[in-house]
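Asks: Before anything else, here's the structure in question.
Derivation of every value follows stated rules applied to the coordinates shown; laboratory data play no part. Since we're looking at a predicted model, the values are computed, not measured. Don't worry about glycine lacking a Cβ; one is built from the backbone with ideal geometry, like all the others, and counts go over all protein chains shown.
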Amino acid sequence: MAMSLSEIETMIREAFPDARVEVRDLAGDGNHYAATVVSASFKGVSKVKQHQAVYAALKGKMGGELHALALTTSES
């Protein structure tokens with residue numbers, strides 16, 4: 001079963017309460033999403049580590065319930 005846009009957004013917001021989070025359904029199929037996450041917690045953290053932190057917030061659902069997520073991250 002695929003994840004909903006609101007589920008993805010909620011999980012990211014729980015992990016990064018200070019963040020500005022925007023999630024978009026790229027293909028209208030509920031399987032291909034893009035997320036922008038802007039958080040002060042990313043200050044001084046490499047892009048790879050920022051993306052890993054967002055994937056960790058999704059608690060192992062990436063690649064299973066969540067098929068594809070294009071990420072854009074930055075510090076606020």
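Asks: Just to verify a result, which residue in segment 18-44, among those that are part of a loop (DSSP other than H, G, I, E, B) and either within 13 Å of the chain's Cα centre (by Cα) or among the small types (Gly, Ala, Ser) (or both), is farthest from residue 60 (Cα to Cα)?
Replies: That would be 44.
Asks: Of all residues in segment 53-76, count the ones that are assigned to a helix (DSSP H, G or I) and surrounded by fewer than 13 Cβ atoms within 10 Å (Cβ to Cβ).
Replies: Final tally of qualifying residues: 1.
Asks: Residue 27: under 14 Å from residue 2 (Cα atoms), of a type outside the set (Val, Ile, Thr), touching a strand residue (DSSP E or B) at 6+ places or on another chain (Cβ under 7 Å) and surrounded by fewer than 14 Cβ atoms within 10 Å (Cβ to Cβ), yes or no?
Replies: Numbers: under 14 Å from residue 2 (Cα atoms): yes; of a type outside the set (Val, Ile, Thr): yes; touching a strand residue (DSSP E or B) at 6+ places or on another chain (Cβ under 7 Å): no; surrounded by fewer than 14 Cβ atoms within 10 Å (Cβ to Cβ): yes.
No, not satisfied.
Asks: Another one. Counting just the residues of segment 11-21 that are surrounded by 13 or more Cβ atoms within 10 Å (Cβ to Cβ) and free of Cβ contacts under 8 Å to residues at least 24 places away in the same chain, which one comes out farthest from residue 53 (Cα to Cα)?
Replies: Of everything passing the filter in segment 11-21, 21 is farthest from residue 53 (Cα to Cα).
Asks: If you don't mind, there's one more thing I want to ask. Starting from segment 40-51, keep only residues that are at positive phi, then list their pairs with residues that are exposed (fewer than 15 other Cβ atoms within 10 Å of the Cβ) and assigned to a loop (DSSP other than H, G, I, E, B) whose Cβ atoms are within a distance under 9 Å, requiring at least 6 positions of separation or different chains.
Replies: 44/75
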